[in-house]
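Here is the structure we will look at.
The values are calculated or read from the model by the stated rules, or taken from the named source; none is laboratory data. Computed from a predicted model, the values in this text were never measured in an experiment. Heads up, the Cβs are rebuilt from the backbone with ideal geometry, glycines too, and the neighbour counts pull from every protein chain shown. All accessible areas refer to the heavy atoms of the entire protein, side chains included, with ligands and DNA or RNA removed. Shrake-Rupley method; radii C 1.70, N 1.55, O 1.52, S 1.80 Å.
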Amino acid sequence: EVLNRGELPADEQGVRTLAPPLAEASSPAAKEMSTAVGRPIPGILQQGEVVATSAGEHLRIRLPIDALWPKGSQLVAGRQEQLQQLLIEAQLAVEPTVVMDAEFAALVTAMPERVLLLDLETCGLSGAALFLAGVLRHLDGVPTVELLLARNYAEEHAVLESLWQTLDGQEVLVTFNGKAFDWPMVLDRSVRYRLAAARSPRLLLHLDMLHHARRRWRKQLPDCRLQTLEKLVCRRNRSGDIPGHRIPAAYADFVRTGFERDMDAILYHNAMDLVTLLDLTLRLAG
């Protein structure tokens, strides 16, 4: 949780020093990526629609990636095309894993329709309830962030029910520190509600980008927290973001008062975490 949510020191020196060698600065796609800046989207909560499940109702907000990352869909399509070419080269090579890691080869094979990125927001650490399951997947050919929100504690069951339905048909699950936190949390909370899918979950290939990021950049960066990678590798600075340690209390205030401003900030925070995770995944795969 500390790795994923901790705040960054106010030091901009590393951005100018470390960013150029870590990104393909000569490529047009890299130049587009480096100029992308996350900006808050007012009224995210109001864009939601009520979804009915067998376990009750919850709210679902869908945001096309371009709303969060300018020209993001074009950049993603271009990078996926490059990765497909690299996969062909790997398959023809004498030692395929030298060209592309086996996990990433499986990821590229499943792209884009059978890959799902997941990030949770919870009421605390392990054992606490989850109230938001953010996923990023392709819907109608467009990379889309889908936020499954429990408007109160009673809707957690419905959020989990929708999450398992979303996972159906997927082959690859991508998270950041998800092997230690997000996925065990999903399984634990699902077992509490006796969800059938959790008792015999279909085995997905699970790629935890924290592990891959550490192998790639731990000698070049001060740490491999998601915010550090977003700033120094993706070269994107957020504005108006809510600190991770404030999220549980802000959600509790929303449940108690219905005040939406902090809830919009939480939804934006989760959506941008997913955008950064997608950006990092495509970079690491290549």
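Which value in nm describes the separation of the simple spin-label points at R215 and R114, placed 7 Å from the Cα toward the beta carbon?
2.2 nm
State in Å² the accessible area per residue of segment 114-173; use a 1.4 Å probe, count heavy atoms of protein chains only, and round to the nearest integer. Spell out each step's value before the answer.
Numbers: 1820 Å² over 60 residues.
Per-residue value: 30 Å².
Could you go through segment 150-155 in sequence order and give the Karplus-derived ³J(HN,Hα) for each residue, using 6.51 cos²θ - 1.76 cosθ + 1.60 with θ = phi - 60°, rounded to whole Hz, and x for Gly and Pro?
These are the phi-based 3J(HN,Hα) values: 8, 6, 8, 5, 5, 8 Hz.
Cross-link partners among aspartates and glutamates for K231, C-alpha distance below 14 Å, same-chain residues fewer than 8 apart left out?
Filter leaves E7, D11, E12, D223, D241, D273, D279.
Using the Karplus curve 6.51 cos²θ - 1.76 cosθ + 1.60 with θ = phi - 60°, work out ³J(HN,Hα) for each residue of segment 241-257 in order, rounded to whole Hz, and write x for Gly and Pro.
7, 9, x, x, 5, 8, 5, x, 5, 5, 5, 4, 5, 5, 4, 6, 10
Between N177 and residues 5 or more places away or on another chain, which pairs have amide H atoms under 5 Å apart, with H built 1.01 Å from N, and which residues are they?
M209, L210, H211
Where the only charges are on Cβ atoms (+1 Lys, Arg; -1 Asp, Glu), what is the dipole of segment 38-142 about its Cα centre, to the nearest 20 debye?
Values: 7 positive and 12 negative charges, 68 e Å.
Here segment 38-142 has a charge dipole of around 320 debye.
Over segment 96-219, what percent of the accessible surface lies on carbon and sulfur atoms, probe 1.4 Å?
Values: 2700 of 5240 Å².
Carbon and sulfur atoms account for 52 percent of the accessible area of segment 96-219.
Between I41 and K71, what is the label-point separation in nm under the 7 Å Cα-to-beta-carbon projection?
2.0 nm
May I ask you to derive the relative contact order of segment 170-286, considering only C-alpha pairs under 8 Å and at least 6 residues apart, and to give it as an integer percent? Show your work: numbers first, answer last.
Numbers: 79 pairs, mean separation 30.8, N = 117.
Value for segment 170-286: 26 percent.
Only residues of segment 253-286 count here: report those whose backbone N is under 11 Å from the spot 7 Å along Cα→Cβ of V94, or say none.
none
Can you work out the FRET efficiency for the pair V255 and S54, with r the C-beta to C-beta distance and R0 = 22 Å, to the nearest 0.05?
Values: r = 23 Å, r/R0 = 1.05.
Step by step, r from the Cβ atoms, then E = 0.45.
Could you give me the ³J(HN,Hα) list for segment 269-285, computed from phi with Karplus coefficients 6.51, -1.76, 1.60 and θ = phi - 60°, whole Hz, x at Gly and Pro?
Rounded to whole hertz, the list is 4, 5, 5, 6, 4, 5, 4, 5, 4, 5, 4, 5, 4, 5, 5, 5, 5.
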